[in-house]
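To start, the structure itself, in structure tokens.
The values are calculated or read from the model by the stated rules, or taken from the named source; none is laboratory data. What you see is a predicted model, and the numbers here were worked out from it, not measured in a lab. Positions of Cβ are generated from backbone atoms using ideal geometry, with glycine treated the same way; all protein chains shown enter the neighbour counts. Accessible surface is based on the protein model in full, side chains and every heavy atom, while ligands, DNA and RNA are left aside. Shrake-Rupley method; radii C 1.70, N 1.55, O 1.52, S 1.80 Å.
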Amino acid sequence: MKAMELPANNRCSIARSLEVLGQKWSLLIVREAFRGRTRFAEFQKIGVPTDLLASRLEALVDAGVLTRRPYQQPGQRTRVEYVLTPVGEDLLPVLAALSEWGDEHLPTGHEPSTVYVDTTDERPVHLAFVDADGTVVDPENVAYRRGPGDIGD
């Protein structure tokens with residue numbers, strides 16, 4: 001039996017998300033898409049092997065994270081670019097969480113390579129746990145609990 005066929009995994013939001021995003025290249029491709037890159041050659045610049053890039057792009061399109069869009073430069077053949085869908089745009093907090101964690105626990109000695117800002121005034125922003133009333137909750141007061149869809153051990 002495949003791991004994702006087990007109820008403990010196929011009911012788990014984390015496991016299902018990792019099925020799409022669990023390869024390092026997948027998240028790095030999404031990062032590049034947020035940076036405005038859309039073309040195959042642009043994605044290659046992050047060092048992903050060509051065959052792996054093709055398969056990761058295909059998987060991200062199949063999952064609805066990216067969509068293919070044709071484009072054509074004057075005098076050239078039509079090509080395809082890859083753009084974030086609303087599903088892909090919803091990954092911004094995931095990237096921000098990974099960025100914050102990496103900056104905190106795996107520092108490089110340099111300034112952060114990514115900064116998240118409010119587009120209305122360029123003020124830096126960060127992720128937070130927020131309750132149903134909109135109140136920010138201290139992470140020390142947040143616990144991981146099994147949800148009603150969990151089948152237990």
For Leu66, other-chain or 5+-apart residues with amide H closer than 5 Å (H placed, Pro excluded) are Val61, Thr85
How many percent of the alpha carbon pairs in the stretch 113-153 exceed a separation of 11 Å? 76 percent
For peptides 110-119, 89-98, sequence by mean Cβ density within 10 Å, most packed first: 89-98, 110-119
With Cβ to Cβ distances under 13 Å as the rule, what net charge do the other residues near Val125 carry (K, R +1; D, E -1)? -3
Quick shape check on the stretch 1-80: root eigenvalues a ≥ b ≥ c of the Cα gyration tensor, a/c under 1.5 is rounded, otherwise prolate if a/b tops b/c, else oblate, and it reads prolate
How much area per residue is accessible in the stretch 31-96 when the probe is 1.4 Å and only protein heavy atoms are counted (Å²)? 59 Å²
Could you identify which residue out of Val142, Val125, Val87 has the top mean-square fluctuation in a GNM of the chain using Cα springs shorter than 10 Å? Val142
(i) 58, 40, 23; (ii) 61, 34, 29; (iii) 59, 49, 33, with the label sought being that of the calculated Cα extents along the principal axes in Å: (iii)
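For Leu53, Leu127, Leu84, give me the order by solvent-accessible area with a 1.4 Å probe, most accessible first, ignoring ligands, DNA and RNA.
Leu127, Leu84, Leu53
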Charge tally in the Cβ shell below 14 Å around Val80, where Lys, Arg are +1 and Asp, Glu are -1, Val80 excluded: +3
For the chain, size of Cβ-based charge dipole, Lys and Arg +1, Asp and Glu -1, in debye: 1000 debye
Determine the share of the chain's accessible area contributed by carbon and sulfur atoms, expressed in whole percent, with a 1.4 angstrom probe. 53 percent
Using a Gaussian network model of the chain whose springs link C-alpha atoms within less than 10 Å, name the residue from Glu122, Glu19, Glu100 with the highest mean-square fluctuation. Glu122
I'd like the orientation of helix 50-62 relative to the chain: the angle between its Cα long axis and the longest Cα principal axis, in ° from 0 to 90, rounded to 10. 60 degrees
Please find, in a Gaussian network model of the chain (springs between Cα atoms separated by less than 10 Å), the residue of Arg69, Arg123, Arg37 whose mean-square fluctuation is greatest. Arg123
For the chain, build the charge dipole from Cβ charges (+1 Lys, Arg; -1 Asp, Glu) around the Cα centre, then report which of Ser26, Val61, Gly102 sits farthest towards its positive end. Val61
